[in-house]
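Everything on this sheet refers to the single structure shown next.
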Amino acid sequence: MKTIQLRDGAVIPVLGQGTWMMGDAPARRADEIAALQLGIDAGMVLLDTAEIYGDGASEELVGEAIAGRRDEVFVVSKVAPSNASARGTAAACEASLKRLGLERLDLYLLHWRGRHPLAETVGALEDLVTAGKIARWGVSNFDFEDMEELFAVPGGARCAVNQILYHPGERGIEFDLLPWMERAGVAAMAYSPIGQGGDLLRRPALREIASRHGASPAQVALAFALRQPGLIAIPKAGSPAHVRDNAAAADLALTPEDWAALDAAFPPPPRKMPLSMI
Ligand SMILES: NC(=O)c1ccc[n+]([C@@H]2O[C@H](COP(=O)([O-])OP(=O)(O)OC[C@H]3O[C@@H](n4cnc5c(N)ncnc54)[C@H](OP(=O)(O)O)[C@@H]3O)[C@@H](O)[C@H]2O)c1
């Protein structure tokens, strides 16, 4: 699996695994755990979860999937904005660690901006680093202006990652946010990179490119995201077939003709667009 380096030198794979809506249905639990474990075997060792996913159910499921494999995986979780005060962040992190069965998170993100001042949240995240509860921290759903504000607060420039919506149908961040993040050394983590498995995968451009390569539309969407330097994508897959499909996308090489077809079907942003979020 190809890798990228975070600002502190940590190496992570360009493809990880999302877990939103995993752990919600008892009947799917065993399959979901098996899918995550297969993904780890295939090199997608970064697992993304959050305290709000299923009210902790996703973190518990991830904990079960990685039991006995701590050294192989890179675990990401997120604090909800409503909890992102100084004391709330520390308490939320402790609860996430307990559900995951971990002593330390590899990356802890502020899920999106809320009412607590950025300086207070950053202070709390830095304290968690000092206490050894998290290895590093980042943000999610931060637009260009949010990143500039973040970098202006004490410690804000130590942000390692911004997790944002990105796929062929959502290219707005290419205009200003991605170039800014690359200059600032903040890695991009693309969420919903296959458009949540919906209409995007039925678009003729993706289907035609996929058939030229004997690939799937999902693989083309992932290859599209991975063209960006310093970006990792975190598709969620609940079945072995989808996991295998996604893991193989890191090796799909698109041609100049494919890129032109993608640009024609999904034009790059001509001007600044507000960041979309799910
Ligand atoms: N920070 C945020 O605000 C935020 C917001 C949204 C998501 N996220 C994170 O990003 C992760 C990924 O985003 P997402 O779950 O919204 O959407 P996604 O990964 O774009 O799509 C997941 C959907 O696509 C299907 N799928 C997976 N692989 C496929 C393949 N190869 N071919 C066809 N269909 C496939 C899945 O079905 P099966 O499950 O049946 O395989 C599922 O229905 C989340 O799980 C979460 O960890 C973060």
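Bear in mind that the values in this text are calculations on the coordinates, not laboratory data. Note that the coordinates shown come from a computational prediction; the quantities given were computed from them, not determined experimentally. Glycine also receives a Cβ, built like all others from the backbone with ideal geometry; neighbour counts cover every protein chain displayed.
Out of segment 2-26, which residues are away from the ligand (no atom under 16 Å from the Cβ) and assigned to a loop (DSSP other than H, G, I, E, B)?
Lys2, Leu6, Arg7, Asp8, Gly9, Ala10
Scan segment 100-145 for residues that are among the charged types (D, E, K, R) and within 14 Å of the ligand (Cβ to nearest atom) and report the count.
Residues in segment 100-145 being among the charged types (D, E, K, R) and within 14 Å of the ligand (Cβ to nearest atom): 2 in total.
Just to verify a result, which residue in segment 184-207, among those that are closer than 22 Å to Pro270 by Cα and of a type in the set (Gly, Ala, Ser), is surrounded by the fewest Cβ atoms within 10 Å (Cβ to Cβ)?
Ala205
Failed condition for Val243, given (1) outside any loop (DSSP other than H, G, I, E, B); (2) more than 23 Å from Ser77 (Cβ to Cβ), with all others met?
(2)
Which one is farthest from Leu100 (Cα to Cα) among residues in segment 37-70 that are aliphatic (A, V, I, L, M) and touching a residue at least 60 places away in the same chain (Cβ under 8 Å)?
Ala42
I'd like the residue in segment 33-52 that is closer than 30 Å to Arg115 by Cβ and surrounded by 24 or more Cβ atoms within 10 Å (Cβ to Cβ) and, out of all such residues, is nearest to the ligand (Cβ to nearest atom).
Here the residue is Asp48.
Looking only at segment 60-77, filter to residues that are within 13 Å of the ligand (Cβ to nearest atom) and closer than 16 Å to Asp31 by Cα; which one of those is surrounded by the fewest Cβ atoms within 10 Å (Cβ to Cβ)?
The residue in question is Leu61.
Does segment 169-183 include one or more residues that are within 14 Å of the ligand (Cβ to nearest atom), assigned to a loop (DSSP other than H, G, I, E, B) and surrounded by 17 or more Cβ atoms within 10 Å (Cβ to Cβ)?
The answer is yes; a qualifying residue exists.
So which residues in segment 254-278 are surrounded by fewer than 11 Cβ atoms within 10 Å (Cβ to Cβ), within 22 Å of the chain's Cα centre (by Cα) and of a type in the set (A, V, I, L, M, F, W, C)?
Ile278
Give the residue, chosen from Gln228, Gln196, Gln219, that is within 8 Å of the ligand (Cβ to nearest atom) and either outside any helix (DSSP H, G or I) or at negative phi (or both).
Exactly one residue qualifies, and that residue is Gln219.
Return the only residue of Ala250, Ala237 being outside any loop (DSSP other than H, G, I, E, B) and either among the aliphatic types (A, V, I, L, M) or within 11 Å of the ligand (Cβ to nearest atom) (or both).
Unique residue meeting the criteria: Ala250.
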